[in-house]
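Worksheet: one structure, shown below.
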Amino acid sequence: MTAPQLIIFDCDGVLVDSEIIAARVESELLTDAGYAIEPDEIAERFSGLTWPNILMMVEREAGIPLSASLIDKSDRILDERLANEVEAIEGIGQAVSALRYPKCICSNSSSRRLELMLKRTGLYDLFEPNIFPAGEVGTKKGKPAPDVFLYAAEKFSVDPKNVIVLEDSVHGIHGARAAGMRVIGFTGGAHTYPGHADRLTEAGAETVISRHQDLRAVIEAMSVWSEAI
């Protein structure tokens, strides 16, 4: 691989420290609904998935019906929390500004929530208009489906094999690898857990970083690595 032609960033847990906030909200709602679960288990098992998909997985696993009203309730509570609490992950603004490659965001979050988080943290102008919410572009399939990654590659007219993705979740890495892209795992969010880096590597990340200040050097190193997809 020569220099990458596109760098794709996940948002939640990579650009902004929102995964831990979401895990706490979802833990409270599921526990109140009869499925006791701690935020750290939410982060480990379900990071990178949409809330409706998490609810379906819990229903299948526990055999208990969950009210559809939990979707709207979670959206309302989480939006309030994010608007007041979410912060950029340390070093991301400088890291993104230092990259000389084309870049975009591929996220399972909605365009409304992405705008809320990115504007609050001062990151919006670094990516706009190349912000792709999986549920609103292309096939509208969320991660772990590869569709949003392939949509981004098509928009930039690049071959997926020449794309590097930065992801913090197993589900996101599965999607990027299924798209034929190379992946750097990231464990610098507050939701990280013991064994996080190992799980990202097992899912297909070629390497894992925990600090954004290492991103540029790792991308440059990957430009000369010859590992096949």
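The values are calculated or read from the model by the stated rules, or taken from the named source; none is laboratory data. These numbers were taken from a predicted model, which means no experiment stands behind them. Virtual Cβ from ideal backbone geometry, glycine too; neighbours counted across all protein chains shown. Surface accessibility is based on the protein's heavy atoms, side chains included, excluding ligands, DNA and RNA. Shrake-Rupley method; radii C 1.70, N 1.55, O 1.52, S 1.80 Å.
Annotations for the structure displayed:
- Only Cα sites of the stretch 147-229 enter the Debye sum here, all with the same form factor; the resulting log10 I(q)/I(0) across q = 0.11, 0.13, 0.16, 0.26 1/Å is -0.28, -0.39, -0.58, -1.31, listed in q order.
- Where labels lie 7 Å past Cα in the beta-carbon direction, separation of ARG76 and GLU154 in nm: 3.7
- Rounded to the nearest 20, the size of the Cβ-charge dipole of the chain about its Cα centre is 700 debye, with Lys and Arg at +1 and Asp and Glu at -1.
- Remark: the stretch 7-95 carries a charge dipole of roughly 280 debye about the Cα centre, counting +1 on each Lys and Arg Cβ and -1 on each Asp and Glu Cβ.
- Overall, the accessible surface of the stretch 152-214 at a probe of 1.4 angstrom is composed of carbon and sulfur to the extent of 43 percent.
- Pair VAL224, ALA190: separation of 7 Å Cα→Cβ label points (nm): 3.9
- In the chain, lysine pairs closer than 23 Å at Cα, eight or more apart or cross-chain: 15
- Contour minus Cα-Cα distance for SER111 and MET56 (0.36 nm per residue): 17.5 nm
- Contour excess over end-to-end distance, with Cα ends at ASP32 and LYS119 and 0.36 nm allotted per residue: 28.1 nm
- Within the full protein context, the accessible area of HIS174 is estimated at about 90 Å² for a probe radius of 1.4 Å.
- Alpha carbon centroid spacing (whole Å) that separates the stretch 78-115 from the stretch 163-221: 16
- Accessible surface ranking that places the most exposed of VAL148, VAL218 first, with a 1.4 angstrom probe: VAL218, VAL148
- Heavy-atom accessible area per residue - the chain, 1.4 Å, Å²: 44
- The alpha-carbon atoms of the stretch 1-58, seen along their principal axes, cover 52, 21, 15 angstrom, with the largest extent given first.
- Counting only heavy atoms of the protein chains and using a 1.4 Å probe, THR192 has close to 60 Å² of accessible surface.
- Placing +1 on the Cβ of every Lys and Arg and -1 on the Cβ of every Asp and Glu, with nothing else charged, gives the stretch 51-179 a dipole about its Cα centre of roughly 280 debye.
- Charge dipole (the chain, unit charges on Cβ, about Cα centre) - positive-most of LEU150, ILE21, LEU49: LEU150
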